[in-house]
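Structure record follows, encoded as structure tokens.
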Amino acid sequence: MTLIKSISGIRGTIGGKVGSNLTPPDIVAFSAAYGQWALQQGHSNTILIGRDARISGDIVSSLVSSTLRSLGINVIDLGLSTTPTVEMAVATRKAAGGIILTASHNPIEWNALKFLNHLGEFISQEAGQEILDIAGKQNQNYKDTLNLGTYTQDFAAIHQHLAAILALPMIDLPAIRDRKFHIVVDCINSTGSISVAPLLDLLGCTYELIFDDLSGHFAHNPEPLEAHLTELSDRVKSQKADLGISVDPDVDRLAFVMEDGKMFGEEYTIVAIADFLLTQFPSANTVSNLSSTRALRDITLKHGGRHFASAVGEVHVVKKMKEVHALVGGEGNGGVIFPTLHNGRDALVGIALFLSHLAQFKGSISQLKAIYPAYFMVKEKMTLEEDVSLSSLFEFIESKYPSAQINTEDGLKIDLPKGWVHVRSSNTEPIIRIYTEANTHEYAQQLASDLKSQVAEFLQNIEIVQ
């Protein structure tokens, strides 16, 4: 059981002891700290909240809403929603900020408070530290009875989000409708069923939904990886569908299944969409994080643009995208950021852009995948004891690659002629993540195995010294 207090919010497992898990006092403390911070920014007196379908969501939402209102803040509750929908709604409603109640890809026992600024973007590192400091002091001044904040429900935000997507000139609605795509969608028993389904209706697609009951009882591990999507793959094949779509519980990550039941590859979601957009806007820049595939760099260079890498995390990608005026960006976990719409990962706009691309391509989704550079990625993770020095560990690993190109912006990135290794501490779990990529799966696996062996060697050396 875990409670993770970070600059982007608070995330943990429901229940247990205060300060060790995500309990009601922890939720109240951080909601109050965020509310105080938001009021200090002076933008407005309104904060939006929205949530995915997690079982704990309604309890967490009630605690957050009541705490904010006790500070004199007016709350607009979007109810069951998506992360990108809340992000857009904060900006369009000119709110002081927003709190998204979702643990994203984490399993059912987790929940989280994700904090947005008045632009509908995840708060900066500096703002996050301010909120952590405020939470530590716990000196909020709550309002009396006659000055409490108001509470309003507004369930129109998803419709407005979808309307904004269809208004984008890049979305080729006639081409999509002409293709008459038949699609299977895995909604993971969360809010994909009330967002992806109406989007496909507007796009003129026929579809079948699986795991769409909004119960929050996730039918499988909610991270949209191949090992978790066997039911979707089987259904795509049995229904002879054109493709399958998988989203995570808060609908900011997007993965596709090809007509043969194989994964298109979540790393290639952003690659294909960038290719589509760069064809229309050549020489534009793109951004992805340090753990994302080299294929995006290759496609960007092909279209005459420049590719830039950022630290892992949406806030870091968005910051870099603003710096370099990127046309499109995202993360290799299936997160697409298209700033023409808004600065946040958005599976819904990703679906519309991808289907436009596939419709214009005129071939199958597997034929589309075949035109892109072939890279193979391995994603591993390891749990370490809290007293392990990550800086010492990374220095030890770096010493094993004396001739490699090294980047220490976010953990340790080791660039090699035929592949790369990235090891870093997770933003969302008490683990280190190990990502490798190469032009063959065997070499990518070997790089990962070598890295894990180096971690084991480091830990053994520590035990010997002790």
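The values are calculated or read from the model by the stated rules, or taken from the named source; none is laboratory data. Note that the structure is predicted; figures quoted are calculated from it, not measured. Please note: Cβ atoms are built from the backbone with ideal geometry, for glycine as well, and neighbour counts cover all protein chains shown. We work out accessible area using only protein heavy atoms, side chains counted, and drop any ligands, DNA or RNA first. Shrake-Rupley method; radii C 1.70, N 1.55, O 1.52, S 1.80 Å.
Assorted remarks:
- Within region 373-391, the residues that satisfy the criterion of being surrounded by fewer than 19 Cβ atoms within 10 Å (Cβ to Cβ) and in a loop (DSSP other than H, G, I, E, B) are PRO373, ALA374, THR383, LEU384, GLU385, GLU386, ASP387, VAL388, SER389.
- Every residue from region 311-353 that is of a type in the set (A, V, I, L, M, F, W, C), farther than 18 Å from ILE100 by Cβ and either surrounded by fewer than 19 Cβ atoms within 10 Å (Cβ to Cβ) or without any contact (Cβ under 8 Å) to a residue 40 or more places away in the chain (or both): MET321, VAL324
- Residue match in region 265-274 (condition: free of Cβ contacts under 8 Å to residues at least 40 places away in the same chain and either outside any strand (DSSP E or B) or crowded, with 22+ Cβ neighbours inside 10 Å (or both)): no
- Taking residues in region 431-454 that are under 18 Å from ALA374 (Cβ atoms) and open to solvent by 60 Å² or more (accessible area, probe 1.4 Å), and partners anywhere that are polar (S, T, N, Q) and in a strand (DSSP E or B), the pairs with Cβ atoms closer than 9 Å and at least 6 places apart or on different chains are TYR443/THR436; GLN445/THR436; GLN446/THR436.
- Verdict on GLU259 being open to solvent by 10 Å² or more (accessible area, probe 1.4 Å) and at pLDDT below 95: no
Each row is one residue, and each column tells you yes or no for (1) β-branched (Val, Ile, Thr); (2) under 17 Å from ALA347 (Cβ atoms); (3) open to solvent by 20 Å² or more (accessible area, probe 1.4 Å).
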| residue | (1), (2), (3) |
| --- | --- |
| LEU101 | no, no, no |
| SER104 | no, yes, no |
| LEU113 | no, no, no |
| GLN129 | no, no, yes |
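- Conditions (1) within 24 Å of CYS205 (Cα to Cα); (2) in contact with a Leu (Cβ under 8 Å, 6 or more places away or on another chain): number failed by ARG345: (2)
- Answer residue from region 74-99, given it is part of a strand (DSSP E or B) and open to solvent by less than 20 Å² (accessible area, probe 1.4 Å) and is farthest from ALA38 (Cα to Cα) among those: GLY79
- Only residues that are outside any helix (DSSP H, G or I) and within 30 Å of LEU71 (Cβ to Cβ) were counted in region 149-185, giving 8.
- Selection from region 293-310 of residues that are aliphatic (A, V, I, L, M) and open to solvent by 10 Å² or more (accessible area, probe 1.4 Å): LEU301, ALA309
- Qualifying residues in region 239-256 (those that are of a type in the set (D, E, K, R) and within 21 Å of VAL336 (Cβ to Cβ)) - the one surrounded by the fewest Cβ atoms within 10 Å (Cβ to Cβ): ASP242
- Selection status of GLN360, surrounded by fewer than 22 Cβ atoms within 10 Å (Cβ to Cβ), touching a helix residue (DSSP H, G or I) at 6+ places or on another chain (Cβ under 6 Å) and assigned to a helix (DSSP H, G or I): yes
- Exactly one residue among SER70, SER124, SER62 is out of contact with any helix residue (DSSP H, G or I) (no Cβ under 6 Å at 6 or more places or on another chain) and closer than 22 Å to GLY335 by Cα, and that residue is SER124.
- Members of region 32-51 found to be touching a residue at least 12 places away in the same chain (Cβ under 8 Å) and either open to solvent by 20 Å² or more (accessible area, probe 1.4 Å) or within 14 Å of LEU119 (Cβ to Cβ) (or both), listed by number: GLN36, ALA38, LEU39, GLN41, HIS43, SER44, ASN45, THR46, ILE47, LEU48, ARG51
Table: residues versus (1) free of Cβ contacts under 8 Å to residues at least 40 places away in the same chain; (2) open to solvent by 10 Å² or more (accessible area, probe 1.4 Å); (3) under 22 Å from PHE264 (Cα atoms); (4) not small (Gly, Ala, Ser).
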site: GLN160; (1), (2), (3), (4): no, yes, no, yes
site: ILE188; (1), (2), (3), (4): no, no, yes, yes
site: THR191; (1), (2), (3), (4): no, no, no, yes
site: ILE194; (1), (2), (3), (4): no, yes, no, yes
site: LEU203; (1), (2), (3), (4): no, no, yes, yes
site: GLY216; (1), (2), (3), (4): no, no, no, no
site: ALA219; (1), (2), (3), (4): yes, yes, yes, no
site: ALA227; (1), (2), (3), (4): yes, yes, yes, no
